[in-house]
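Heads up: the structure comes next, in structure tokens.
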Amino acid sequence: MLRALDGALKARAAKVIPNGMYGHESTAMLPASYPQYFSRAKGAYIWDVDGNRYLDFMCAYGPNLLGYGDPRVDAAAARQQVLGDALTGPSPVMVELAETLVSMVTHADWAMFCKNGTDATTMAKSVARAQTGRRIVIVAQGAYHGSAPWCTPNLTGTLPEDRAFLRTCLYNNVASLEAAVAAAGDDLAAIFASPFKHDAFFDQQALDPAYALRARELCDATGAMLVVDEVRAGFRLARDCSWSLAGVRPDLSSWGKGIANGYPLSVLLGSNRCRDGAGSIYMTGSFWFAAVPMAAAIETLRILRETHYIDHLQRIGERLRNGFEAAAERHGFELRQTGPVQIPQMLFNEDPDFRIGFAWAEEMLRRGIYIHPWHNMFLCAAMTEADMDVAIEAADASLASLAPRRAKLEAHPAITSRLRTRLEAGA
Ligand SMILES: Cc1ncc(COP(=O)(O)O)c(C=O)c1O
């Protein structure tokens, strides 16, 4: 595959952007052949700047829920664009969208809009502290809640003080949650949780409903706020908060990524239990009230309510999982596919430094399938059963080509150094 233009852009970027690229969309921790720059996208596909097309199992790391460039969503956004976007005050669509979200998400009585997932999780933390007048926030060890100083996984540039009142527990482990709550004493402001365990580099784990129920009980008993961070998984598992599937209502939930099918918007939803706290904080942004993404979100949510997209995601996700499992077996690999089929994580047994995963991803890429060797992936509603079959065929061919080379594979230097750092830190 030709990647001359991508290489040229990387070289230019290296001069004007620190490290050429930063954050989770950097290809620094992906196989060397992965393109950094993409020129366009449509439906389930993306095209790199050299014109190579890929079936995209990352879906922009989540925002692509219905398909890139969904014509219904884009038309709603274009109609609003003609009227106005970032104005001196919000457009009526803000009220309509808040009403829509409150009607869809059972625990929610109000909505506060922002731009990125980190804005929504950070606002959740502030609302919980404002409501309770307390300081301590419990998060699950290894869980990602964004890139602000209080939650970024890379501590460079942050202070210990930024996390002075952050405590951890083990996800799905009731005893460790109880111990963290007990240790917080009368200073517990909030318990944060992901809809399920979806930490990068690890197998995913379904939510144990007993953990969710106990988190609710502990918040009720202590007066703390329960926060579910839906930024990654929101509306891929349910048309409501994901924890509604376990019968548990949080006080706050943070959303982003897919809620406007790729238009920049995030939101904090909350119950009346913390309405006063929400009304007392000051958080805002120049673009938080822009109307175009809100119009896109209203249309996205209409489509989510009126179509069987979750059934579709589950059906194609199961087809993909079964097909990949059979391909792996056929070629003597043990592929662990964990988490919901619509947000799958794929890791190999006997692959502690991900060298098999990297080589597999590279083979898949060569065949026009964009997968990720250590981060969970995402399905979108524009994907079809035929797309899954193409991916399965590619998996079969990729693993066939990999099997004879298995003993000669080498680990990616960035991963080796990350693993060494974690080992040294005792993580
Ligand atoms: C669970 C979770 N919370 C928060 C965030 C932060 O969202 P953003 O990158 O939009 O700030 C992410 C992003 O991946 C996420 O997956």
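For this structure, a couple of remarks:
- Some residue of region 187-194 being in contact with a Phe, Trp or Tyr (Cβ under 6 Å, 6 or more places away or on another chain), under 12 Å from A143 (Cβ atoms) and not in a helix (DSSP H, G or I): no
- Only listed residue being at positive phi and modelled with pLDDT of 95 or more, chosen from G262, G285, G323: G262
- Qualifying residue in region 60-68 (condition: under 26 Å from F354 (Cα atoms), away from the ligand (no atom under 16 Å from the Cβ) and crowded, with 16+ Cβ neighbours inside 10 Å): no
- For region 1-113, the helices (runs of 4 or more DSSP H) that sit wholly inside it and include 2 or more residues that are of a type in the set (S, T, Y) and outside the structural domain of M364 (by TED's automatic domain parsing) are 93-104.
- Residues (crowded, with 22+ Cβ neighbours inside 10 Å and within 15 Å of the ligand (Cβ to nearest atom)) located in region 104-122: F113, C114, G117, D119, A120, T121, T122
- Scanning region 29-42 for residues that are touching a helix residue (DSSP H, G or I) at 6+ places or on another chain (Cβ under 6 Å) and within 21 Å of S147 (Cβ to Cβ) yields M29, Q36.
- Within region 123-149, the set of residues being surrounded by fewer than 19 Cβ atoms within 10 Å (Cβ to Cβ), farther than 25 Å from Y263 by Cβ and either outside the structural domain of M225 (by TED's automatic domain parsing) or within 15 Å of the ligand (Cβ to nearest atom) (or both) comprises Q141, G142, A143, P149.
- Summed over region 320-353, the residues that are β-branched (V, I, T) and part of a loop (DSSP other than H, G, I, E, B) give a count of 2.
- Applying the condition of being hydroxyl-bearing (S, T, Y) and outside any strand (DSSP E or B) to region 252-280 and asking which residue is farthest from G117 (Cα to Cα) yields S280.
- Of all the numbered requirements in (1) assigned by TED's automatic domain parsing to the domain that holds H198; (2) outside any loop (DSSP other than H, G, I, E, B); (3) touching a residue at least 40 places away in the same chain (Cβ under 8 Å), R249 misses one, and that requirement is (2).
The values are calculated or read from the model by the stated rules, or taken from the named source; none is laboratory data. Not measured: the values here are computed from a predicted model. A quick note on method: Cβ atoms are made from the backbone with ideal geometry, for glycine too, and the neighbour counts reach across all protein chains shown.
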